[in-house]
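**Q** Take this structure first; my questions come after.
Read-outs: derived from the displayed coordinates by stated rules, not from any lab. Values in this document were obtained by computation on a predicted structure and should not be read as measured data. Cβ sites come from the backbone with ideal geometry, for glycine too, and all protein chains shown count toward neighbours.
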Amino acid sequence: MQSKTPKDSRTVMTDMVLPGETNPLNNLFGGELLARMDRAASIAARRHSRRITVTASVNHVAFNRSVPLGSVLTIEAAISRTFKTSMEVYLDVWMEDRFSGERSKANEAIYTFVAVDETGKPTAVPPLVPETELEKERFDGALRRKQLSLVLAGKMAPGDATELKALFLND
Ligand SMILES: CC(C)(COP(=O)(O)OP(=O)(O)OC[C@H]1O[C@@H](n2cnc3c(N)ncnc32)[C@H](O)[C@@H]1OP(=O)(O)O)[C@@H](O)C(=O)NCCC(=O)NCCS
């Protein structure tokens with residue numbers, strides 16, 4: 001299967017925050033952001049695999065900053081690493097101030113998607129070759145994040161999470 005780069009799956013979604021999508025503090029509701037990120041990640045996973053893809057896990061979400069009503073929100077998603085049938089999708093969320101137009105990082109998230117066939121059975125995806133320094137850094141960390149996710153989901157014994165253990169033993 002021919003390899004691809006993160007650029008091949010890069011997905012950019014820009015939309016604004018409307019009144020029905022906010023909490024009582026007039027900031028974007030967390031669940032709304034999760035759904036928007038899921039959509040962007042799903043498109044990136046499809047662009048990489050050209051298969052049906054399903055969300056297997058939300059590995060990490062940091063709601064570092066609130067996103068006020070009226071903000072313009074841009075979600076950038078790209079595949080950061082593939083395994084056999086699963087893909088890690090890294091998301092960067094930017095917000096644009098409605099008055100100054102200044103763009104700043106609002107959030108980051110990491111989702112895992114699995115490519116499946118028409119019966120829902122996991123199916124192999126093309127390998128990924130990272131190009132930039134940031135892509136290489138995200139690629140390198142993905143195996144330990146996968147192991148952590150599998151351990152937390154009860155799908156891997158902690159003793160088998162070699163990459164994860166090395167993180168604690170080497171520092
Ligand atoms: C995701 C799903 C296809 C995995 O099926 P499964 O029977 O567990 O299949 P496998 O054990 O072969 O796992 C498939 C891949 O997913 C990975 N995976 C499964 N659960 C995972 C998790 N919690 N975190 C990270 N990776 C996970 C496995 O490691 C494997 O990766 P690999 O082939 O790249 O090594 C299946 O659980 C499913 O269909 N879930 C529902 C998906 C869905 O409806 N999402 C929307 C929710 S509303």
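**Q** Per the helix-only calculation at 222 nm, which mean residue ellipticity applies to the chain, given -39500 (n - 2.57) for every DSSP H run of n ≥ 4 and division by its residues, nearest 500 deg cm²/dmol?
**A** Using -39500 (n - 2.57) per qualifying helix, the result is -9500 deg cm²/dmol.
**Q** Could you work out the relative contact order of the chain? I mean the mean sequence separation of Cα pairs under 8 Å and 6+ apart, divided by the number of residues, in percent.
**A** 25 percent
**Q** Follow-up question, since we're still on this one. Step through the residues of region 74-84 one at a time and calculate ³J(HN,Hα) from phi using the Karplus curve (6.51 cos²θ - 1.76 cosθ + 1.60, θ = phi - 60°), rounding each to whole Hz and writing x for Gly and Pro.
**A** With coefficients 6.51, -1.76 and 1.60, one gets 10, 10, 10, 10, 7, 5, 9, 6, 10, 10, 7 Hz.
**Q** Something else: So which chymotrypsin sites (Phe, Trp or Tyr not before Pro) in region 64-144 end up in coil per DSSP with only 11 or fewer other C-beta atoms within 10 Å? Working shown, then result.
**A** Values: sites: Phe83, Tyr90, Trp94, Phe99, Tyr111, Phe113, Phe139; in loops: Phe83, Phe99.
Within region 64-144, the qualifying chymotrypsin sites (Phe, Trp or Tyr not before Pro) (loop, at most 11 other Cβ atoms within 10 Å) are Phe99.
**Q** With no solvent and one equal point scatterer placed on each C-alpha of region 6-129, evaluate the Debye formula and give log10 I(q)/I(0) for q = 0.17, 0.20, 0.21, 0.23 Å⁻¹, two decimals.
**A** -0.80, -1.00, -1.07, -1.21
**Q** For region 18-32, what does the Karplus curve 6.51 cos²θ - 1.76 cosθ + 1.60, with θ = phi - 60°, yield as ³J(HN,Hα) per residue in whole Hz, taken in order and with x for Gly and Pro?
**A** Per residue, the Karplus-derived 3J(HN,Hα) values read 9, x, x, 10, 10, 8, x, 8, 6, 10, 3, 5, x, x, 5 Hz.
**Q** If we count every other residue with Cβ under 15 angstrom of Met156's Cβ, Lys/Arg +1 and Asp/Glu -1, where does the sum land?
**A** The answer is +4.
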